[in-house]
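The values are calculated or read from the model by the stated rules, or taken from the named source; none is laboratory data. In this text, all values refer to a predicted model and were calculated from it rather than measured experimentally. When we count neighbours, we look across all protein chains shown, and the Cβ atoms used for this are built from the backbone with ideal geometry, even at glycine. Side chains included, ligands, DNA and RNA excluded: accessible areas come from the protein's heavy atoms. Shrake-Rupley method; radii C 1.70, N 1.55, O 1.52, S 1.80 Å.
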Amino acid sequence: MPTSRRRLLSAAVALATLHACGGRRQGDAPLRLGHFPNITHAAAILGVESGVFTGALAPLALEVMTFNAGPAAIEALLSGGLDVAYLGPNPTINGFIRSGGAALRVIAGATSGGAALVVAPSIRSAEDLRGRPVATPQLGGTQDVALRSWLLGQGIHTDPHGGGDVRVLPQENAQTLEALRSGTIAGAWVPEPWASRLV
């Protein structure tokens, strides 16, 4: 069996194992998997689209839901609307802390990298972002935290309410593309393929 297929099968087995070890599923209800329609979630997309996950989980059914960013997926996990999700580190940590470690188990890493800060051609330095709006997919998501951390390292402050030296705007990735095209934002920290689309 090719290595890539073994990895996908291992991920599907991990999903089934997570269910067997106390997920919120009951009876013959489908296993509910959440992921994002981004390149950073290629393992989930390939596992679903190729049928590897469905085959590995049989006879359990697989139900797939997509999300724009991690905080929404965490809400679905914590409310019982999902059994398993591919998530970035920041929403995962937030969900773990919110539940006192009781609601989530991290079973494996699936990717690294795959997101970038893309700015308008007029932006030449971090200082050029002062007083300008910059987008991220969702408040508290991995790209949101990465942007705020990077800005703070440059001596630029933000706050979770859209204030500070740079106004961080949480918005859908497709909306971010249109906002950069129209010039209403100075840039965005987004996952692929959105970073390439912005460029």
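Of all beta bridges that DSSP places with both ends in the chain, some 30 percent have antiparallel geometry.
Report, in cubic angstrom per residue, the convex hull volume of the C-alpha atoms of the chain. Please report the intermediate quantities before stating the final value.
Working: hull volume 24.7 nm³, N = 199.
Given the Cα convex hull of the chain, per-residue volume reads 124 Å³.
By how many degrees, 0 to 90 and rounded to 10, does the Cα axis of helix 3-20 deviate from the longest principal axis of the chain? Computed tilt is about 70 degrees.
What you get for the chain, charging only the Cβ of Lys and Arg (+1) and of Asp and Glu (-1), is a dipole of about 320 debye around the Cα centre. Estimated from helices alone, the mean residue ellipticity of the chain at 222 nm is -11500 deg cm²/dmol (sum of -39500 (n - 2.57) over DSSP H runs with n ≥ 4, per residue).
Counting only DSSP beta bridges whose two residues both lie in the stretch 94-199, roughly 50 percent are antiparallel.
Once fully extended, how much extra length lies between Thr184 and Ala61, figured as 0.36 nm per residue of separation less the alpha-carbon to alpha-carbon distance? Mind showing how you got there, number by number?
Numbers: separation 123, 0.36 × 123 = 44.28 nm, distance 4.38 nm.
Separation in residues times 0.36 nm, less the Cα-Cα distance, equals 39.9 nm.
Between His157 and Asp165, Val166, the built amide H atoms are under 5 Å apart, and every one of these is 5 or more places off in sequence or on another chain.
Taking trypsin sites (Lys or Arg not before Pro) as exposed when DSSP calls them loop and at most 14 other C-beta atoms lie within 10 angstrom, the chain has its longest site-free stretch at 25-104. Summed over the residues of the chain and divided among them, the accessible surface reaches 51 Å² per residue at a probe radius of 1.4 Å.
Please compute the length gained on full extension between Ser125 and Ile97, using 0.36 nm multiplied by the number of residues separating them and subtracting their Cα-Cα distance.
6.6 nm
Within the accessible area of the chain, the carbon and sulfur atoms contribute 56%, probe 1.4 Å, all protein chains present. Between Arg105 and Leu139, the modelled labels are 3.3 nm apart [label points 7 Å from Cα along Cα→Cβ].
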